Amino acid sequence: MDQETLIEKLTAENEEFRHLREEHRRHDGELEGLKRTSPLSAEQQWRITELKKLKLIAKDRMETIIRQARAVTA
């Protein structure tokens with residue numbers, strides 16, 4: 001199974017994966033909005049750093065779920 005097909009399958013069948021994917025997208029949208037702001041306040045700079053960390057945490061967990069799904073289907 002290719003990566004994209006597996007991601008679609010997990011999105012449809014795995015509630016945690018679906019939640020993480022949506023969370024990652026929300027954080028990305030907020031991050032993009034903040035990046036268009038100039039100049040950034042200290043609070044906005046802190047929020048950008050926080051959003052990057054939250055996106056990374058979600059992505060890391062999604063990658064773990066993908067690896068586990070691959071191991072089961074292999």
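Values in this text are rule-based calculations from the coordinates and carry no lab data. All figures in this text were calculated on a predicted structure; none of them were measured in a lab. Don't worry about glycine lacking a Cβ; one is built from the backbone with ideal geometry, like all the others, and counts go over all protein chains shown.
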In degrees, nearest 10, range 0 to 90: what is the angle between the Cα axis of helix 3-13 and the longest Cα principal axis of the chain? 90 degrees
If the cut-off is a Cα-Cα distance under 19 Å, which lysines reach K35, setting aside same-chain residues fewer than 8 apart in sequence? K52, K53, K55
Under the Karplus relation 6.51 cos²θ - 1.76 cosθ + 1.60, θ = phi - 60°, what is the ordered set of whole-Hz ³J(HN,Hα) values for region 26-35, x standing for Gly and Pro? 4, 4, 4, x, 5, 4, 4, x, 5, 5
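Under the definition of Cα pairs under 8 Å and six or more residues apart, what whole-number percent is the relative contact order of the chain? Write down the numbers at each step before the final one.
Numbers: 37 pairs, mean separation 28.3, N = 74.
Rounded, it is 38 percent for the chain.
Taking K and R as +1 and D and E as -1, what net charge do the other residues with C-beta under 15 Å from the C-beta of T73 add up to? Walk me through the intermediate numbers first.
On the way: positive: K9, R67, R70; negative: D2, E4, E8, E13.
Taking every Cβ under 15 Å from that of T73, the sum is -1.
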Computed E for D60/T37 - FRET, C-beta separation, R0 22 angstrom, nearest 0.05: 0.20
For the chain, I need the span (max minus min coordinate) of the C-alpha atoms along each principal axis, in Å, sorted largest to smallest. 50, 19, 15
